[in-house]
Every structure is written in structure tokens, then in C-alpha cells.
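To keep things clear, I will list the structure first and then write my remarks on it.
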Amino acid sequence: MSAGKGSEGIWRQTGVLIRSDIFDEAERQHLDISFECNTALARRLGIAYTDQHPSGASKTVPVSSAVNPAPSGTPIHPVINADDPTTPAKVLKEKKGSVRKPRSMHTPAVTATSASQEPSTPKVPAPPVQEAPKKPSADRKKKAGAIKKFVSTRIVRTDEGSGTDAVIPKDELYQRFERWCREHAVSPVPDRRSFTVALKNQCAIPERSIGGVPYWVNIRLK
């Protein structure tokens with residue numbers, strides 16, 4: 001710091017931090033920041049003060065550092081010296097110098113559009129998978145063979161109108177079939193639905209309902 005002899009004593013030069021909006025408004029109103037700071041501080045301390053700073057005071061701005069330095073990359077506000085009359089001009093110069101420079105027009109910018117224009121390898125669809133024809137299972141063949149053998153060995157076809165014995169109830173015929181399967185060690189025994197479908201579709205045996213009871217007609221048991 002520097003000192004100068006004034007009308008009331010010794011003048012000292014120091015750095016004062018002033019908030020930017022307060023500084024801008026004081027500058028707009030053409031206030032002497034040094035005078036205002038001395039006046040306010042003297043009033044607070046109970047000291048009479050009416051003079052401006054002496055003309056012989058040093059105009060050198062001391063170098064000050066912040067008590068708590070800002071993190072890297074954070075802009076630091078300039079240190080204001082209230083006693084230096086050239087301070088407003090220096091602050092304005094620092095503000096102008098801190099304006100970010102626009103990016104050079106020659107620098108190529110990577111955009112999503114340029115990235116999407118890269119050639120891509122066309123995807124070739126996989127050939128459809130052809131399922132192999134389903135073959136009848138061994139159990140199904142065994143069931144069909146048992147029903148066919150039962151019909152050929154235990155059932156006799158008759159002409160229509162040959163007598164009352166030319167009809168057999170469906171339940172009775174299936175019970176006879178189950179007994180035949182046990183006697184011939186057929187396992188598993190075909191279920192009632194498989195037996196009915198085989199007689200109807202494969203053996204072409206006609207059916208009829210008499211008095212609400214389903215019958216196989218034009219057949220008799222041996």
C-alpha cells in the first residue's frame with residue numbers, strides 16, 4: 001500500500017471489493033466511490049470527514065488477491081480500489097476483454113446429420129425356416145392299428161333293415177373294445193374320442209340316435 005499526507009492525516013491506498021451492480025449504478029450516477037466509502041466509514045466510526053482524497057495521493061493500484069480463490073474455470077470479479085480514479089476505466093476494459101470470442105467459421109462442427117450419412121451395411125433377411133412335415137407318433141400309430149384290428153376281427157357289417165341286432169349302443173361297443181385291448185395287451189388303451197373318430201371317419205360306420213341313445217348301425221359283433 002502507499003500513503004499520502006492530507007488535511008486530516010495520512011491517506012492510505014487499499015483494495016475494496018464492490019459488487020458489480022452497486023459499482024455500475026454508482027458510475028451511472030457519477031459518484032466518487034472513494035469519497036462515498038470514506039464518508040460512510042467515517043460516519044460509522046464517528047469521525048468527521050468532508051475532504052476528497054488529496055491530489056498528491058499515489059494513483060498506483062495495488063495488486064490484491066481474493067481470500068477464497070474461485071474454482072478453476074470460474075470467472076473472478078476484479079478487485080476495486082476505491083482510491084484510484086482510473087478504476088472505472090480499468091473495470092470496463094477487463095469486462096470487454098472477458099467477452100467470449102466466437103468460434104472460428106473454419107472449424108467443422110460434428111452434427112447428427114453428418115454422422116447419419118455414413119453408409120451402412122444392408123441387412124440381408126434370413127431365409128424362412130421350413131418346418132418338416134409332422135409324422136404321426138408311435139402311440140398314435142399303435143392306437144390306430146389296435147382300433148383297425150378290433151373292427152376287422154370283432155365287427156361284421158350288415159345291410160340296412162336286416163334286423164334289430166344290426167345296431168349296437170356306442171357305450172357298449174367301446175366297453176367291448178376296452179375288454180379286447182386288455183385281452184390282447186394293448187397299452188395304452190385308446191380313449192373314447194379316438195375310438196369314435198376312427199369308426200366314423202376311417203371305417204365309415206354310420207351312427208344314429210334312437211330314443212336319445214347314440215348307436216352304431218348296420219354292424220353286429222361276432
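The values are calculated or read from the model by the stated rules, or taken from the named source; none is laboratory data. Not measured: the values here are computed from a predicted model. Cβ placement follows ideal geometry from the backbone for every residue including glycine, while neighbour counts extend to all protein chains displayed.
Going by the conditions given, is Ala138 at pLDDT below 90 and surrounded by 12 or more Cβ atoms within 10 Å (Cβ to Cβ)? Taking the combined requirement at face value, the residue does not satisfy it. Could you please tell me which pairs satisfy a Cβ distance under 7 Å, a separation of 6+ or placement on different chains, a first residue in region 189-201 that is farther than 17 Å from Ser152 by Cα, and a second residue that is modelled with pLDDT under 90 and among the acidic types (Asp, Glu)? Pairs found: none. For Glu207, the requirement of being on the phi < 0 side of the Ramachandran plot and in contact with a Phe, Trp or Tyr (Cβ under 8 Å, 6 or more places away or on another chain) is met.
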